[in-house]
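What follows is a short report on a single structure.
The values are calculated or read from the model by the stated rules, or taken from the named source; none is laboratory data. Since the model is a prediction, treat every value here as computed from it, not as a measurement. Note that each Cβ is placed from the backbone with ideal geometry, even for glycine, and that neighbours are counted across all protein chains shown. Heavy atoms of the whole protein, side chains included, go into the accessibility calculation; ligands, DNA and RNA do not. Shrake-Rupley method; radii C 1.70, N 1.55, O 1.52, S 1.80 Å.
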Amino acid sequence: MSSTGARVLALDIGATKLAAGVGTADGEITRQLGSPTLAADGAGTVLERAIALARRCHDEELAAGGKVDAVGVSTMGLTFATHVELAPNVPGWDRLRIPEALESAFSALPVVIGNDVQVAAQAEMAWGSLRDVDDGIYLNLGSGIAAGIISGGRLVRGGHSATGEVGYSLFRGVPEERMAAEGAAPFEEWFGGSGAARRLAALGLPESVAEVVERQHEDPAARAFVDELWTGIAVMAANLCSALDPTVLSVGGGYLRADSGVLDCIAEIVARAVPYPPTVVRAHFGADASLRGAAAAAFAALRGAR
């Protein structure tokens, strides 16, 4: 099946927001709809709400005379037939049978489900900053911290589909009290958005990285926090680049909003620390990266079905 004239339904199930849209082969998203995740309502309710949003988008497309050839879904963690792993943000998410629910809702269409950061990397490969890049990294920085790894022009999955889970990295030079075996992601819990908010509260600073970035020029405590946050992330990025030898490091996620300074910090440390420093660039896609990634994953599945 050719994907040139195809249209796909894209659904992004995030920790804070849900989004759906119709994707075209050139990377555009039309008929976009959204709603808050409301994770406190429980995993089952969130999944029902997400599917209802996707069905509404699908039905509107058909009513307007359009078509949908496949469904691509971006979601938290690693999705298997009977459960989800590495997705602690929505209580009960690990017990859901997401493929069964989606295939029931869209029984006439092929459905592909991918990890949010990995599919965002696919969007950058298809239409963005990693297009025509054989060896690259997409690094997502925000509430979650993870990477999509490209080698030989292909997205690397790994033995358990968990390549790029850098949020589980150890960063103090010693084992942590709680690590992956205890369900903890040490790096993400210190440097990610939720962990940063907890640390900011303990310091009496605003519980928002964006607010602290704005205050750093007149508040020494804010400046010290931002320096420590960006430096720790940049060191991790440099280690990742030294291990994988990419030619391009594409950085995206919530921490890249406006001129936060994190991209400059990463570029400076990577240039000094990595034997063959990659080009460090801002990711092409911003807040809708995972939604576009869901579309990219669906188009990849259509190409594979030819």
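Note on the stretch 15-27: residues that are open to solvent by less than 10 Å² (accessible area, probe 1.4 Å) and modelled with pLDDT under 95 total 1. As for the stretch 137-146, it holds no residue that is surrounded by fewer than 16 Cβ atoms within 10 Å (Cβ to Cβ), touching a residue at least 40 places away in the same chain (Cβ under 8 Å), within 18 Å of Arg282 (Cβ to Cβ) and not acidic (Asp, Glu).
Does the stretch 263-284 contain at least one residue that is modelled with pLDDT of 95 or more and within 28 Å of Glu85 (Cα to Cα)? Yes. Would you be able to say whether some residue in the stretch 15-26 is over 18 Å from Ala294 (Cα atoms) and not in a strand (DSSP E or B)? Within the stretch 15-26, none of the residues are over 18 Å from Ala294 (Cα atoms) and not in a strand (DSSP E or B).
Taking (1) out of contact with any strand residue (DSSP E or B) (no Cβ under 7 Å at 6 or more places or on another chain); (2) at pLDDT 95 or above; (3) open to solvent by 50 Å² or more (accessible area, probe 1.4 Å) in turn, Arg49 satisfies each apart from (1).
Looking at Thr37, Thr30, just one residue is modelled with pLDDT under 95, at negative phi, among the hydroxyl-bearing types (Ser, Thr, Tyr) and open to solvent by less than 40 Å² (accessible area, probe 1.4 Å), and that residue is Thr37. Are any of the residues in the stretch 6-13 outside any loop (DSSP other than H, G, I, E, B) and farther than 30 Å from Gly304 by Cα? The answer is no, given that none of the residues of the stretch 6-13 is outside any loop (DSSP other than H, G, I, E, B) and farther than 30 Å from Gly304 by Cα. Listed here are the helices (runs of 4 or more DSSP H) enclosed by the stretch 194-306 that have at least 3 residues being open to solvent by 60 Å² or more (accessible area, probe 1.4 Å): 209-215, 220-244, 262-273.
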